[in-house]
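The values are calculated or read from the model by the stated rules, or taken from the named source; none is laboratory data. Keep in mind that what you see is a predicted model, and the values were worked out from it rather than measured. Note that we place each Cβ from the backbone using ideal geometry, even for glycine, and neighbour counts take in every protein chain shown. Protein only, heavy atoms only, side chains kept; ligands, DNA and RNA dropped before computing areas. Shrake-Rupley method; radii C 1.70, N 1.55, O 1.52, S 1.80 Å.
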Amino acid sequence: MKQKIGEEESVISNELLNSFNAKDKQELLDLLNEFILQSYKIEKEFKDYKALYEGVIEIMPQAIWVFNDNGSIFYRNTQAKQLQEILANISDFPQEIDYKKKTYLVQGNVLENKQIITATDITVQKRQERLAAMGQISAHLAHEIRNPIGSISLLAATLLKKVDTATKPIIFELQKSLYRVERQIKATLLFSRGLNITRENYCLLDLQQELMMIVDQYTYTKEIFVHYDFMDSMVNFDFDLMGIVLQNFIYNAIDAIEDGDCESGEIKIWTEKKEDELYFFIQDNGRAIENKNVLFEPFETTKFKGNGLGLALSLQIVEAHGGYIELFDEEKKIFKIMIKQ
């Protein structure tokens, strides 16, 4: 009986197929072909979208991990592979983690049974927060110190008029030390408050004379020769602030000579002008630069003297003049300062 039913169904199917004429068969084949083409198109679009979102994830500034519900890794971008070790230190979300001298904000979320973890580099933000806090503290201390230093300076000036000739060198050294403290206070306040430059036309030789006077107010033990080669021309800048810039570089050069192995020191400072750009060059034969990457970092210093604000403030001043500072020749230890005219 079953065999008979099967034979009857086969006969019906054949009859149904035979009932299609050539036109119907072609239409059916065309529909099948269109269906296959659309399937390939959808598959290609899916692959393109997958490549697109993976590309987007790759260029995002965060490290991204996606985990399955069993804890296995479903996806991670290149940054995540490089920061894989920090996952071992995660205890909660959100969390800040220090890793290889950088700070990362680690956050987590769950979406469709997948856990997503991101790590964002917030080193710059944390540094800015620390600098802001240090700037506020430094400014407060500078204000507190300024008043007694002013009083001591006044007393030293009065005392200088009353002591004998043999005692005067001691007062002079006291005044030099006070000048150093006042310079640190001024730099701290300028750095914390921000800059306001006032441009006027000045002769470069006047700036040279100012620097020669400034060097005489600095204390050092070795024999140091400072060579100036300034153009006799009028330039446009903030005289006082550019004086601070060059003063900082000269004092750094003196300190490097004092800390170096040379028996005597030599500092060269010269100027050049090209169209609307004015250049200052400073060179010394003192101790070599230990780490050029932190030269202009605030509160970073390898010197026994100073607070690490000199070059940071100098960079602020020069940038306010539309210029830049660079280590022009590391081997010969030549710095280049450019300001726009």
Query raised in the report: What are the pairs, 6+ residues apart or on separate chains, where a residue within segment 56-84 that is of a type in the set (Asp, Glu) has its Cβ under 8 Å from a residue that is assigned to a loop (DSSP other than H, G, I, E, B)?
Result: Glu58/Asn77; Asp69/Asn113
Query raised in the report: Among the numbered criteria (1) open to solvent by 10 Å² or more (accessible area, probe 1.4 Å); (2) in contact with a helix residue (DSSP H, G or I) (Cβ under 9 Å, 6 or more places away or on another chain), which single criterion is violated by Met213?
Result: (2)
**Report entry** segment 44-72 - residue that is open to solvent by 60 Å² or more (accessible area, probe 1.4 Å) and in contact with a helix residue (DSSP H, G or I) (Cβ under 9 Å, 6 or more places away or on another chain) and, of those, nearest to Lys102 (Cα to Cα)
**Finding:** Pro61
Report task. Kindly list, by first and then second residue, each pair from a residue in segment 203-217 that is touching a residue at least 60 places away in the same chain (Cβ under 8 Å) to a residue that is open to solvent by less than 60 Å² (accessible area, probe 1.4 Å) and among the polar types (S, T, N, Q), limited to pairs with Cβ atoms under 9 Å and residues at least 6 apart or on different chains. Result -> Leu204/Ser233; Leu204/Thr271
Report task. Within segment 101-120, track down each residue that is open to solvent by 60 Å² or more (accessible area, probe 1.4 Å), under 21 Å from Asn293 (Cα atoms) and either in a strand (DSSP E or B) or at pLDDT 90 or above (or both). Result -> Lys102
Query raised in the report: Going through segment 310-341 one residue at a time, which ones are open to solvent by 70 Å² or more (accessible area, probe 1.4 Å), assigned to a helix (DSSP H, G or I) and either touching a residue at least 40 places away in the same chain (Cβ under 8 Å) or touching a helix residue (DSSP H, G or I) at 6+ places or on another chain (Cβ under 9 Å) (or both)?
Result: none
Report task. Please tell me if Gln283 is in contact with an Asp or Glu (Cβ under 9 Å, 6 or more places away or on another chain) and open to solvent by 20 Å² or more (accessible area, probe 1.4 Å). Result -> yes
Report summary line: Restricting segment 286-301 to residues that are of a type in the set (D, E, K, R) and either under 24 Å from Gln136 (Cβ atoms) or modelled with pLDDT under 90 (or both), the one most open to solvent (accessible area, probe 1.4 Å) turns out to be Glu290
Report task. Tell me which residues, restricted to segment 121-156, are open to solvent by 50 Å² or more (accessible area, probe 1.4 Å), assigned to a helix (DSSP H, G or I), closer than 30 Å to Gln62 by Cα and among the charged types (D, E, K, R). Result -> Arg127, Glu129, Arg130
Report summary line: Selection from segment 171-201 of residues under 29 Å from Ala139 (Cβ atoms) and assigned to a strand (DSSP E or B) yields Glu200
Report task. Tell me, yes or no, whether segment 234-241 has at least one residue that is of a type in the set (A, V, I, L, M, F, W, C) and assigned to a helix (DSSP H, G or I). Result -> yes
Query - Which numbered condition Pro94 fails, given (1) under 30 Å from Thr78 (Cα atoms); (2) over 29 Å from the mean Cα position of the chain (by Cα); (3) not basic (Lys, Arg) - result: (2)
Requested in this report: Using the structure shown, decide if Asp98 is surrounded by 11 or more Cβ atoms within 10 Å (Cβ to Cβ), part of a strand (DSSP E or B) and of a type in the set (D, E, K, R).
Outcome: yes
Query - Test result for Phe35, over 27 Å from Arg130 (Cα atoms) and in contact with a Lys or Arg (Cβ under 9 Å, 6 or more places away or on another chain) - result: no
Report task. Output the number of residues of segment 157-175 satisfying the condition of being surrounded by 10 or more Cβ atoms within 10 Å (Cβ to Cβ) and of a type in the set (Lys, Arg). Result -> 1
Query raised in the report: Given Ile244, Ile224, Ile269, which one is in a helix (DSSP H, G or I) and either open to solvent by less than 40 Å² (accessible area, probe 1.4 Å) or within 28 Å of Ile137 (Cα to Cα) (or both)?
Result: Ile244
Query raised in the report: For segment 21-43, what are the residues that are open to solvent by less than 90 Å² (accessible area, probe 1.4 Å) and modelled with pLDDT under 75?
Result: Asn21, Ala22, Asp24
